[in-house]
Amino acid sequence: MTTGAHPEEAVARKQAGGSFPATPAEFVQLWVVRIPNRLAPWAPRLADAWAEGVWLAPWKRVAAYAPLVGLAVGFLSLLLWPGVTYCYAQSRSLMALIIAGAILSGPIGVMYVAGYMAGYLLTDLPRIVLIAFTEPSALAARLGGTLIGFLLLGILMTRVPLLARRLAEGVAERLGQPIRAAAARILLFPATCALLVFLWCQGMIVLVRPVFDWTGGGTSDRLDAVLTVQLHWTELAYVAAVVALARIVLETLVVPRLASAPVVTDLQRKWVDPHVHGQFWRRFPLARVALVTGVVTLLFSGMYDYSRGFAELWKDAAIVATATAVACLSRVVPIIPRNWAAALIRTPALLRFVAAALLGYLLAYIIAVLFWSTGSFRIVLAGALLTMAVFQVLFPTRRLDHQHEGREVL
């Protein structure tokens with residue numbers, strides 16, 4: 001990682017002055033050190049997604065410029081894939097590409113989302129302005145549908161790879177012995193990525209509705225997106241597993257043997273102090289409750305029953321907001337007994353995640369069978385809320401001693 005006579009001093013000057021990077025080494029510093037450290041207090045998961053790309057640092061040109069490629073592809077997605085008019089999910093090839101990029105490196109995923117948002121909003125700006133002048137009441141719905149599409153993309157591109165890594169690492173760390181731990185990572189990371197992509201696809205079948213219904217998309221447009229995730233999820237899960245396997249083999253077996261491998265450790269040492277990580281939300285926990293409640297209420301709008309009128313629609317939203325707020329408050333003021341929380345935290349998170357997903361599916365299936373004759377979307381909403389409750393119980397936040405908290409974060 002040499003960029004001149006005194007590379008470390010040059011990088012330090014760049015960091016201190018906030019100057020735009022000029023060399024590959026400085027770009028790597030920007031992606032996996034400077035940006036994460038700035039984001040860590042108020043956007044810890046986004047910061048983690050940025051920092052997660054550090055494993056590519058031995059190939060500094062790839063680590064430096066791949067995020068810029070992700071940004072460009074995201075910005076040009078609507079031009080490069082003509083069938084994509086309202087949502088990225090309208091194209092299988094685009095979905096496969098962005099899943100591969102996100103799993104390969106966190107900065108690629110984050111930059112793709114940023115580029116896609118910018119390109120979409122720029123393309124949609126004339127229609128937004130027109131609606132603002134001709135039909136202002138429809139503007140909120142259009143912006144809300146657009147935001148839901150961005151949130152769903154952000155979950156896929158930033159949260160899914162990071163969560164898969166944490167679940168796999170949770171098992172590997174418990175094995176202790178290096179060879180067994182490496183084998184666990186190689187087996188579990190691809191499997192967990194495939195599982196999470198599958199779950200995301202199943203959720204998209206319903207959650208994507210407002211992306212089209214609120215923004216003026218036609219039935220054929222929505223059908224394209226739904227069919228991509230409903231019928232072709234196996235292909236997307238396969239792509240996720242293959243790319244994850246390639247990455248974890250390189251990261252676990254190849255990178256440690258490279259002469260430039262110490263650069264990874266050096267960059268990781270510059271990562272943020274754990275006490276700073278999420279500091280803002282620890283100081284203002286109720287702000288986090290409000291934010292999460294608002295986001296979940298908006299995301300779940302695809303499961304609201306639109307057929308019964310405006311009043312019933314707001315009733316569904318109120319139910320979701322209340323349930324989400326209670327779930328979030330239970331993390332601020334833990335309600336699960338200390339012994340139960342301690343026992344759960346000793347159980348690998350991956351096992352609990354699979355158990356919660358299966359139990360949630362079973363409960364949702366029972367509700368669907370019992371109340372299918374009603375023809376209401378509320379049976380889907382009820383199943384989703386029960387699944388959320390199951391995850392809440394199996395992933396508690398509990399103060400285990402006076403100094404530290406046993407936090408279970410999904």
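A Cβ-based charge dipole, computed about the Cα centre of segment 52-197 with Lys and Arg at +1 and Asp and Glu at -1, lands at about 380 debye.
Taking Thr192, Thr397, Thr23 as the candidate residues, the one with maximal mean-square fluctuation in a Gaussian network model of the chain, Cα springs under 10 Å, is Thr23. Note on segment 289-410: with charges restricted to the Cβ of Lys and Arg (+1) and Asp and Glu (-1), its dipole about the Cα centre is near 280 debye. Between the Cα long axis of helix 349-371 and the first principal axis of the chain there is an angle of about 10°, rounded to the nearest 10.
Reported to the nearest whole Å, the Cα centre-to-centre distance from segment 20-83 to segment 107-130 is 17.
A cut-off under 14 angstrom between Cβ atoms defines the neighbours of Thr324, and their net charge, with Lys, Arg +1 and Asp, Glu -1, is +1. Dipole check for the chain: with +1 at the C-beta of Lys and Arg, -1 at the C-beta of Asp and Glu, and the Cα centre as origin, the magnitude is about 840 Debye. Extension gain for Glu235-Phe150 works out to 28.4 nm (0.36 nm per residue, less the C-alpha to C-alpha distance). Couplings 3J(HN,Hα) of segment 176-192, computed from phi: x, 4, x, 5, 5, 5, 5, 4, 5, 4, 5, 7, 7, 4, x, 5, 6 Hz, in residue order, whole Hz [Karplus 6.51 cos²θ - 1.76 cosθ + 1.60, θ = phi - 60°; x for Gly and Pro]. For segment 260-275 and segment 154-184, what is the separation of their Cα centres, given in Å? Taking the Cα centre of segment 154-184 as reference, the centre of segment 260-275 is 18 Å away. Summing charges over neighbours of Gly203, with a neighbour being any other residue whose Cβ is under 14 Å away from its Cβ, gives +2 when K and R count +1 and D and E count -1. Full extension of the chain between Asp266 and Thr322 gives 15.6 nm of extra length, using 0.36 nm per residue less the Cα-Cα distance.
With the charge dipole of segment 289-410 set up from +1 on Lys and Arg Cβ and -1 on Asp and Glu Cβ about the Cα centre, the Cα lying farthest toward the positive end among the listed residues Gly294, Leu313, Leu363 is that of Leu363. Relative to the longest principal axis of the Cα atoms of the chain, the long axis of helix 106-134 lies at roughly 40 degrees. Springs between alpha-carbon atoms under 10 Å, Gaussian network over the chain: tell me which of Ala138, Ala321, Ala240 tops the mean-square fluctuations. Among Ala138, Ala321, Ala240, the largest GNM mean-square fluctuation belongs to Ala138. Running a GNM on the chain with Cα contacts under 10 Å, which residue among Thr85, Thr374, Thr252 ends up with the highest mean-square fluctuation? Most flexible of the set in this elastic network: Thr374. Which residues does a label at Ala183 reach in segment 251-273, if reach means a backbone N under 16 Å from a point 7 Å past the Cα toward the Cβ? Taking a point 7 Å out along Cα→Cβ of Ala183, the residues of segment 251-273 whose backbone N falls under 16 Å are 253. Each label point was placed 7 Å from the Cα along the Cα-to-Cβ direction; for Ala118 and Ser373 their separation is 5.6 nm.
Between Val276 and Arg338, the modelled labels are 3.4 nm apart [label points 7 Å from Cα along Cα→Cβ]. Calculate for the chain the 222 nm mean residue ellipticity that helices alone would give, adding -39,500 (n - 2.57) per DSSP H run of length 4 or more and normalising by residue count, nearest 500 deg cm²/dmol. Only helices count here, giving -22500 deg cm²/dmol.
Every number here is computed from the coordinates shown, using simple stated rules; none is lab data. Since the structure is predicted, the reported quantities are computational estimates derived from the model, not experimental observations. Methodologically, a virtual Cβ is constructed for each residue, glycine included, from the backbone with ideal geometry; neighbour enumeration extends over all protein chains shown.
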